[in-house]
Amino acid sequence: MQEIRRAAQAAEGSTYQVVASTPDLQRDGFAIPAEAWRLETFRANPVLLWAHRRDDLDAVIGRADVSTSGDNLVAEIEFAHAENEFAAQVKRMWDAGYLRAVSVGGAIKKTTAMSRDATRVDEIELLDLSVVPIGADPAALAVARVPPVSYTHLR
């Protein structure tokens, strides 16, 4: 059943691939390698937020399926555009190319100083993934719209 739902959503164009985090030094002075991410808690509650607004129900604009791929944290995001008018507005702006950035919110557990202005994060729990106008990681951007999936074989 979930496969049918995902196929229908992909056909509607509501699923997108993003790079959520890279190991490069970010604007906030942190570098987070892929192996530092702890994803279990997030996967139990995979909300996609608007601008890290964790205390606003309207800011829940979708959900995200996260994983690591090579050196990056990546995700497939899905907008809740049928259930939330604000999410629909964000999706329209995303589809039009006005928004392309995402940002991670996390609870840092362990770090190592790299220099006076740079810190490597050795362990971090992912708390949220957010669509944002400008993120701390300049490479955390939309990669592609997931192509529509043919589900004619499910008939």
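The values are calculated or read from the model by the stated rules, or taken from the named source; none is laboratory data. As the structure is a computational prediction, the values presented were derived from the model and not from experiment. Counting neighbours? That spans all protein chains shown, and the Cβs are built from the backbone with ideal geometry, glycine included. Areas reflect the complete protein model, heavy atoms only, side chains present, ligands, DNA and RNA absent. Shrake-Rupley method; radii C 1.70, N 1.55, O 1.52, S 1.80 Å.
Of all residues in the range 135-155, exactly one satisfies the criterion of being more than 20 Å from Pro23 (Cβ to Cβ) and either modelled with pLDDT of 95 or more or crowded, with 17+ Cβ neighbours inside 10 Å (or both), namely Val146. No other residue among Val90, Val102, Val121, Val131 is surrounded by 17 or more Cβ atoms within 10 Å (Cβ to Cβ) and either over 21 Å from Ser14 (Cβ atoms) or without any contact (Cβ under 8 Å) to a residue 12 or more places away in the chain (or both) apart from Val121. The set of residues in the range 27-65 being aliphatic (A, V, I, L, M), at pLDDT 95 or above and either open to solvent by 80 Å² or more (accessible area, probe 1.4 Å) or touching a Pro at 6+ places or on another chain (Cβ under 7 Å) (or both) consists of Ala31, Ile32, Ala34, Ala44, Ala64. Comparison of Ala101, Ala107, Ala87, Ala82 shows that the only residue that is of a type in the set (Gly, Ala, Ser) and under 14 Å from the mean Cα position of the chain (by Cα) is Ala101. With the structure loaded, tell me whether Asp24 is open to solvent by 70 Å² or more (accessible area, probe 1.4 Å), more than 21 Å from Lys110 (Cα to Cα) and either at pLDDT 95 or above or part of a loop (DSSP other than H, G, I, E, B) (or both) or whether it fails that test. No; evaluated as a whole, the condition is false for this residue.
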